[in-house]
Every structure is written in C-alpha cells, then in structure tokens.
Amino acid sequence: MACDFCNRRNIKCRGNGDPLDRCQNCMDFDVPCTVDRPTKRRDIKAGTRASGRDPQFVRAPVNHTIPTAASIASGGRASGSSTSGIPYRASISADPRSTLNYGWSATEVADDDSVLHNSWKAFAIACDRQIRNLVQVYFEIVYPIFPLFHMPSFIEQVNSKKHLYDQGLFASTMAVCSLVAGRARDGALYSNRWDREELIDPPSETFFLAAKDSIPRDLVAAKGIHYMRACAILAIASIQNGQIKDMQKYSGLYHTLTSIDGLHDEKLWPNDLSPVETEERRRLFWSIYTLDLYSTIVWGGVIRYREAHSLVRYPSELDDKLITHCGYGVPSVSLESNSLPTGSLTVASRQPTPWLRGWNFTTDLYRILEHVLDGSRRRFSSATKMTQELWSLFNPLSISEPAVMDQVLTMYSALPSQFRETPPTTGDLSKDLFGFQSANIQATLQLLRMVLLSTEEIGVERKCDVAGELLSVFSNVPIEYLKAISSPLLHHLGGIGYILGSVMEGNLSEVSYRRARTLLLEMADLLQRLEMGLHRASGVGERLRSQVERIDGYMRASFLQDRTSPSNATQVIDSDPELAAPSACAQGTPALGASPGAGLDQMSQFQLPPELLSDWPWPLESHHAEGFLRLAFE
C-alpha cells in the first residue's frame, strides 16, 4: 500500500531498505512516511501507521542533492549527484519546532496537506542559493515590466527565509522562481553576472509545481496579497512556458481573489496598510490590468476589470528605496550650474526623473486600448448581427486612428527623453530600468496602432506601410530588451503577422506582392533572432520563411508557364535573385484572376490560391481564433 505522501501525488511508492522504513520518495524529500488515510480493507483500521514509520523516530539526513523536476514527476530517487550537482548546504533538523517540520499555521492549511508542504519547504531549503539568485535576477529582467514587489522588502524576506513560515509568501516566491527560471532558460539574461546553468536547475516547472501546491484549494482561505500575486505571476509564467490554458486558469484565480479581497477599490483595503503594502497593491492591480488587456487582444475573451469600475490610484513615482513601511522619502536633488552672462553662478535644482513615470504612461496606453477594443468589438458585433444595435445611444462617434494617434503621440512627445530613447543595456539596473520602459512604451504604441487600424478599412499599400513601420520600430530596439520581455513579445508581434496575412489573402499586384514578401522575410529574421534559445520555441520565423518559399515556388511555376511572353517572365524573375532559385515547393497552379500564359506585368491584379496560405503561422494556437486582431484583419 502506498504511503500518504506518494498516494497524494500519484507517484510510485518504492521501498529502499531504509532503517526507518521510509519509502524512497519520503527519504528524498525528508518527510515522515506515514499511512494515516482510511483504508479500503476491512481488517485495517483507519489511522493505523505503518510499522516503524512514526515521525518521532525520523531523523532527517543531510548532504542530499536537489530534487529535479524529473524525480518529482516520476517519483524516482535523487541520485548521488543531481543534474546540477549542487548539494544540500542546510542541515535539516528533525525537531518538530524546526523550520522544516513546523507546518503552516492551522488557519492557512488543512492537516492532510502538511506533509506535502513540508516536502516543498525541504526543497526550498535545498535550493536556497538558487532561490536567492533567481530573486535577484527577477529585479533585472521581470521587475521593470511587472514591479510586483518592493525590492528591499522582498529581498530581505527571502534572505531571512520568511517565506518558509508564510505560505502565501512561499507561493509567490516559488512563482517568481518559476518565471525567472523560464526566462533564463529562454535566453533573457543579458548580464554576465549569472551562470545560466545554475539558474535553470531545478527547472521552471518544478518551482511552478511548488507554487501551485501552496495555493489553498479553498480560495476563500487564500487571503492577502501574496496569493493574488502568486496567481498573477503563474499566469505570466504560463505564457512564458507556452501553456496558454494555464494562463487563463491562473488569471481567473487571480481575478477571483481580487474580487474577494476588493483589490479594485482602495476604500475596501485594510486600514492598517503600510506605504510599502499600499504601493505593492497598486502596482499589482495595474500590472495585471495591462496583462488582462494584452491577453484579450492576443487570445480573445473578455476584459475582467475596466478602468471605469476601478478606484485604484497609480503607483507613486518614487524609487523603492524612498518607500518604507514608515512613510515616503524625498528624492535627492541633483545640482546643476548654469553660467550667466554677468559671470555669476546660479544653482538650479532638478528633480531626477523617476522610472515609474514611464511605467505609468504605459498604463495610460492600455487604458486607451481598452476603449479601442470596445470599438473593435462593436464593429464585429454590428457586422455579424450578433446583438441588437444599441451602441449609438451611448457613443455615436467612431474612433479614428489618426485622431487617437495624434493625441497619443502628443502625450508621448511630452515624456522625458529617457523614455523616448532606447540605449543598449548596461547591466546597471538604475539605467536599464529606463531602457525597459522605453522598449515597453514602443511595443505598446505599436500594439495600440495595430488595434486602431483593425477598426478601419485600409488598403493593401496602407497595410504594408504600417507593417513596415512596426518592424522598423522593433528592429531598432536593442535585442537584449526584446529577449528579456521574451515569449509575450512573440505573441505581440503576431499582430504584424495578421496584417501581412490579410495582404497575402487579398488581391495583389506585382508591387504589393514584392513589398509584402520583403516585409515577411524581415519579420522572419526578427522572429528567428527572438526565438533563438527558447525552450518552447514555436518556430514561427522558420515557418514564415518556409511559407514565403512555397509562394515563391508557385509564382515561378506560374511565370514559367507563360509561353507567349517568356521575356516578361525572365524579366520578373531576374529582378529578384531569390525568385530565380529553384524550389522543391513550386506549385503548378496558375494565379487566380489571371488568364493562362499572362505574365506578371500583364496582370493588374491576381490572388494566391487559398491552399498556399492554409499553413499561415498565425494564429499560433487555436485560442487565437477568437482574438480581436484576427477578427479585425480578416
């Protein structure tokens, strides 16, 4: 009969001759090996312990190795050397009052889960050095976009091992480790301070499971910001690891917890919150507000929280070191000397620009996006007659792309120059924070522009202009920032794929085809650079390049069938060396809308056969079928 620990986790329970009669898994995780659950056999009473398995006789071994994801999933023993070869550095006491064996408080966790949680605490002690490093890396590559923690407070909590006593803090810490390990594995590191191999073993999935198991099944018992934050980070980690259904799941759990807690209205918050706790709540709310809109645009669905229903202030534009549990500090003043014509000097004080000003501006852009999405949905609903037309009662005016972008660009030009320039990364967080804001602002501006254009009817040339400008913006951002933003940016770029896909599906001329082809190859290059090193790379760049080759093959075959005007075909092919190359994918079907034997220069318009576009890389997954961008550019 399997012990309680192995039975709860559905893993094989194997003995190993341990003098204390523990199974291999309980020995690996240094937890009591018991059989306390009710048994189905009538001759064994419920609550009977296995022989020799009383926890008072358990002595925790030392010098174990870190369990890997494989051992956790399969129940196999941790061998003498783990994948990383990092030994336990903590001596784990069997004293029931010790850090390891002291379970979460009775109000936080049911008794039958205590063994499971103690096993994860043993794992966390074993991985203490890696956890500390992952937390430090979080502030380099994730915090600039999702500043969900107050830096000094969180680092101090982890260094003092407070997460081992607080189940909610443990869940959010493990979620941070999962997200950072996933991004480190996918090439997001740009600093030479870190050893990538040490950061990714144990892998992201192991920390994800630890965070998941630490969230109470009864969400009513999951009180406080830590559980909300853990679910939010697990949703982001799910995007990173390509698990979109998990993203939807943990986003839903987050929104459930925020509804219970009243995060959307500051009047419902506890009265005794410190400045640090207040700022963390504001950052959490607006961070996941933007994530909610982003996921709605990319994968479809509904917007859970609208700005009109939210009474939460923006985070204070102060660095974390100026925010304490006792109050807010004053930014230091930089002194700047200006020479006057009279020869005298005056000292002008200049307040330093806070990086959160750029972060709050990005939130402004997403608030605008919320209203643009309403216009997109309104247009789709009207076109499909899905609902009765009532919009005109409330907002009779349509949103035009030029009017909105003119206003947005005016706001953008008023920003300090640090948010309008994106210099290369330096490894100095105080400087790179501004580079991240600039890169994120540029990406959000382009997303806003794509969604705005989706509400309007634009021609092929205009679509190509927009796609070219979007690619130019992303190509000018240093690749280190794009890689740090990582997998979410690949979905972000899908909007450009929708635009170019709608071009290839429509009526084409020679000029529009050549221009679209050039843009597709540029996009393939950018995507391949971003996907390099991704653990769950979708191969979009390679698939896009293959798609272009198939279309090229079709075009060559169509041109070479022109026996009445061979010089025209030769002229067209010679003008582009890549089209002249032989291709195994060449298709013999003549272009639709063109008479047999007509050269390309004789075709005013032509259309590619639908089967050539059946394998278009977007949508990346079936969830995209309901996305706004897909609906808009069809």
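Note on segment 427-458: residues that are in contact with a helix residue (DSSP H, G or I) (Cβ under 9 Å, 6 or more places away or on another chain), surrounded by fewer than 21 Cβ atoms within 10 Å (Cβ to Cβ) and part of a loop (DSSP other than H, G, I, E, B) total 3.
To keep it simple, each residue is scored yes or no on (1) under 24 Å from residue 136 (Cβ atoms); (2) in contact with a Cys (Cβ under 9 Å, 6 or more places away or on another chain); (3) among the hydroxyl-bearing types (Ser, Thr, Tyr).
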residue	(1), (2), (3)
197	yes, no, no
207	yes, yes, no
213	no, no, no
225	yes, no, no
228	yes, no, no
246	no, no, no
266	no, no, no
272	no, no, no
281	yes, no, no
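Every condition in (1) over 26 Å from residue 433 (Cα atoms); (2) out of contact with any Lys or Arg (no Cβ under 8 Å at 6 or more places or on another chain); (3) of a type in the set (Phe, Trp, Tyr) holds for residue 498 except the one numbered (2).
Determine whether segment 316-331 contains at least one residue that is outside any loop (DSSP other than H, G, I, E, B), at pLDDT below 95, more than 24 Å from residue 443 (Cα to Cα) and of a type in the set (Ser, Thr, Tyr). Yes; the residues of segment 316-331 include at least one that is outside any loop (DSSP other than H, G, I, E, B), at pLDDT below 95, more than 24 Å from residue 443 (Cα to Cα) and of a type in the set (Ser, Thr, Tyr). Residue count for segment 134-193, restricted to those that are outside any loop (DSSP other than H, G, I, E, B), surrounded by 21 or more Cβ atoms within 10 Å (Cβ to Cβ) and among the aromatic types (Phe, Trp, Tyr): 3.
Taking (1) surrounded by fewer than 19 Cβ atoms within 10 Å (Cβ to Cβ); (2) under 21 Å from residue 288 (Cα atoms); (3) among the aliphatic types (A, V, I, L, M) in turn, residue 221 satisfies each apart from (2).
So which residues in segment 475-495 are at pLDDT 75 or above, closer than 26 Å to residue 552 by Cα and under 19 Å from the mean Cα position of the chain (by Cα)?
Across segment 475-495, there are no qualifying residues.
Against the condition over 23 Å from the mean Cα position of the chain (by Cα) and outside the structural domain of residue 146 (by TED's automatic domain parsing), how does residue 451 come out, does it pass? Criteria not met by residue 451.
The values are calculated or read from the model by the stated rules, or taken from the named source; none is laboratory data. Just so you know, these numbers come straight off a predicted model, no measurement behind them. Glycine gets a Cβ as well: all are built from the backbone with ideal geometry, and neighbour counts include every protein chain shown.
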